[in-house]
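Here the structure comes first, spelled out in C-alpha cells, and everything after it is commentary.
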Amino acid sequence: MSTIFALATALGKSGVAVIRLSGPQALSAAKTLAGSLPEHRTTGLRSLRDGDGVLLDQALVLTFAKGHSFTGEDVAELHLHGGPATVKAVLKTLGDIAGMRLADPGEFTRRALENGCLDLAQIEGLSDLLEAETEAQRKQALRVFSGALGDKAESWRTDLIRAAALLEATIDFADEDVPVDVTPEVTALLDNVMAALTKEADGVRMSERIRDGFEVAIVGPPNVGKSSLLNRLAGRDAAITSEIAGTTRDVIEVRMDLSGLPVTILDTAGLRETDDTVEGIGIERALMRAKQADLRVFLYDQEPLDLLLQPEKDDIVVRSKADTYDGDDFSVSGLTGKGLEKLTMRIAAVLENRALGAGTAIRERHRMAILRALTALEAAKSELSYGIERSELAAEELRTAIRALDSLVGRVDVEQILDEIFARFCLGK
Ligand code: GDP
C-alpha cells in the first residue's frame, strides 16, 4: 500500500494550508521534513526542511496513529503558511521521497471506506457535507455522515434476520410437528420494516430537493412586475425589466438561500395569448417549467388572474406593485420591497413543511435499494400467505431483501458505485 499525500485545503492564498499524508510511510516522511514528530494527536511547531536541509517553512505538525485516523492508516498533517509557493515546495519535497505519491481525488476517503472507518452512505453524506451551502443541506448531510442511515439499515437487518431465523426453524423442524406458528411474528416484523422502508423511499425526493434545490416559478401575465420581483429577491438585476410587454422570453434562474433552503427562483415569460412566434415559444417554455416547479408564485396586477395555468395546492397568489395603491390584500412591490418579507416567509414556510418529509435516505441509489428490498419483502409475504410450507421460499426472499439493504452501507456491490462517488470528491479528501 503506497503512502499518499495532498493539499487538503483549498488551493490559493490562505492563512493556513494543510497537507495530509496517509499510509505506512506517513510518519517517517513527515519526520524527514520536520526532524522530529510530536506525540500522536498533539501538535508541535517544527521547521520543515527539504532534502538539502534548506528551510521550507515553520509549520504545525500533527500525527494520528493507525486505527485512530480518518483513513484508518498512519496519518500526518502539516499545517503550513498558506502561500502557494510554500505549498508547492513542500509538495515537491514530499514527492521526492521514494514510495510517496500524490493522492487521487477522494483517495483518502476511499481508504477510510476500505479500512471500515466509514460506510458507503457516510461517504455520500461526507460528499454532500463538503458541497453544502445552506443550513438545511448541512444538517441533512451531517445526519447521513454521522451514520444515521447505516444505523437504520442495521436495525432493519436485525429484524429481517430474526424473521428469516424463525422461518428457517420451521423448515428444520418441518417433520417434527413444531407446535408454534411463527407466521404472526414474522408478519409483524415484515410489516414494521416495510412501513419504515416505504417512508424512507418516499422521503428521497425531498432529500434530493434539499441537496439540489427547490424550484419556485414566478408566473403571471406580462408587465405585472415578475422580473422586478425576481431582481428584488435576488438583490441584483438578473432579469431585464421593461414596460414593453413580452420582454422575458427565456426562463431566467436565480439561485438563493431562503431560510436555509436552497431555492432557484424562475422568472418566466408573461402568460398571454400571442401571435408572436418567439414569444409563443417563451410562453410554452414558461408553462412547462412552471408546471414542473415545486411551487408557483402567481402575480397579478389590477386584473384578477385569468391565466393559461391554474394555481395548485400551496401555490401563492399575490398582487404586485403594492406601492401603487392602498389596500390590505396580500401584495408585494418589486420596486420598493414592500411585502417582500411576508412573501419570502410564505415561500419558506411551504418549502420547509415539505422538507420535513425528508428522511435519512437521500439519494436515488438509496431509493432503488430500498425498493428492491420492498419488492422482495412483498414476495416473502405472498409466499407466507400460501402457508408455512412455503417458508423456504419466503426465507430466500428475505435474504434478497437483506442483500438489497446491505448495499446501502456498501456491504455488497461496492465496486460499481465507488468510482461514481469518488469522482465527485476534490483532491485531498
Ligand atoms: P414582467 O413583465 O411581469 O416581468 O414585469 P416587469 O418587472 O418587467 O415590470 C413591468 C413594468 O412595471 C416596468 O415598467 C416596471 O418598472 C413596473 N413595475 C414592476 N414592478 C413594480 C412595482 O412593484 N411597483 C411599481 N410602481 N412599478 C413596477
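Results, tabulated for the structure shown:
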| quantity | calculated |
| --- | --- |
| Most fluctuating residue given options Ile123, Ile370, Ile19, as computed from a GNM of the chain linking Cα atoms under 10 Å | Ile19 |
| Relative contact order of the range 3-114, defined on C-alpha pairs under 8 angstrom at six or more residues apart (%) | 31 percent |
| Gained length - Ser385 relative to Glu312, 0.36 nm times residue gap less alpha-carbon distance | 22.1 nm |
| The range 39-82: C-alpha gyration tensor shape, a/c 1.5 cut-off, then a/b vs b/c | prolate |
| Carbon/sulfur fraction of accessible area - the range 3-114, other protein chains in place, 1.4 Å, % | 57 percent |
| Per-pair calculated FRET efficiency, R0 = 35 Å: Met1 and Val278 via Cβ, rounded to 0.05 | 0.05 |
| Label-reachable residues, the range 350-372, where backbone N falls under 13 Å from a point 7 Å from Asp202's Cα toward its Cβ | 356-359 |
| Net +/- balance of residues flanking Ile210 in space, Cβ distance below 15 Å, scoring K and R +1, D and E -1 | -4 |
| Farthest toward positive dipole pole in the range 3-114 [+1 Lys/Arg, -1 Asp/Glu at C-beta], among Leu48, Ala10, Pro105 | Ala10 |
| Gained length - Arg101 relative to His81, 0.36 nm times residue gap less alpha-carbon distance | 5.0 nm |
| Net charge dipole size for the range 3-114 [Lys, Arg +1 and Asp, Glu -1 on Cβ; Debye, nearest 20] | 140 debye |
| Accessible area of the chain divided out per residue, in Å², using a probe of 1.4 angstrom | 49 Å² |
| Relative contact order (percent, whole number), the chain, Cα cutoff 8 Å, 6+ residue spacing | 17 percent |
| For the range 1-160: rounded, prolate or oblate by the Cα gyration tensor [a/c cutoff 1.5] | prolate |
| R0 of 51 Å, Cβ-Cβ distance Asp191-Glu39: FRET efficiency to nearest 0.05 | 0.40 |
| Arg162-Leu356 FRET efficiency (beta carbon distance; Förster radius 30 Å; 0.05 resolution) | 0.45 |
| Exceeding the 19 Å Cα-Cα cut-off - candidates Lys31/Lys66; Lys139/Lys291; Lys226/Lys338; Lys66/Lys92 | Lys139/Lys291; Lys66/Lys92 |
| Which of Ala132, Val186, Ala395, positive extreme of dipole for the chain (C-beta unit charges) | Ala132 |
| Cα-projected label distance for Tyr325 with Lys338, points at 7 Å along beta-carbon direction, nm | 1.2 nm |
| Residue-averaged 222 nm ellipticity for the chain, from DSSP H runs of 4+ at -39500 (n - 2.57), nearest 500 | -15000 deg cm²/dmol |
| Percent accessible area from carbon and sulfur atoms, the range 214-355, protein chains only, probe 1.4 Å | 47 percent |
| Antiparallel DSSP beta bridges within the chain, as percent of all bridges there, nearest 5 | 65 percent |
| Highest-MSF residue in the chain out of Val193, Val61, Val16 [GNM, Cα springs under 10 Å] | Val16 |
| Rounded, prolate or oblate (a/c below 1.5 giving rounded, otherwise prolate when a/b exceeds b/c) for the chain by Cα gyration tensor | oblate |
| Gain in span if fully extended, Asp181 to Ser14, counting 0.36 nm per residue against the direct Cα distance | 53.3 nm |
| At least 30 Å along the helix axis (C-alpha) and Kyte average at least -0.5, DSSP helices within the chain | 148-172, 183-212, 364-385 |
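The values are calculated or read from the model by the stated rules, or taken from the named source; none is laboratory data. Computed from a predicted model, the values in this text were never measured in an experiment. Note: ideal-geometry Cβ built from the backbone for every residue, glycine included; neighbour counts use all protein chains shown. Side chains included, ligands, DNA and RNA excluded: accessible areas come from the protein's heavy atoms. Shrake-Rupley method; radii C 1.70, N 1.55, O 1.52, S 1.80 Å.
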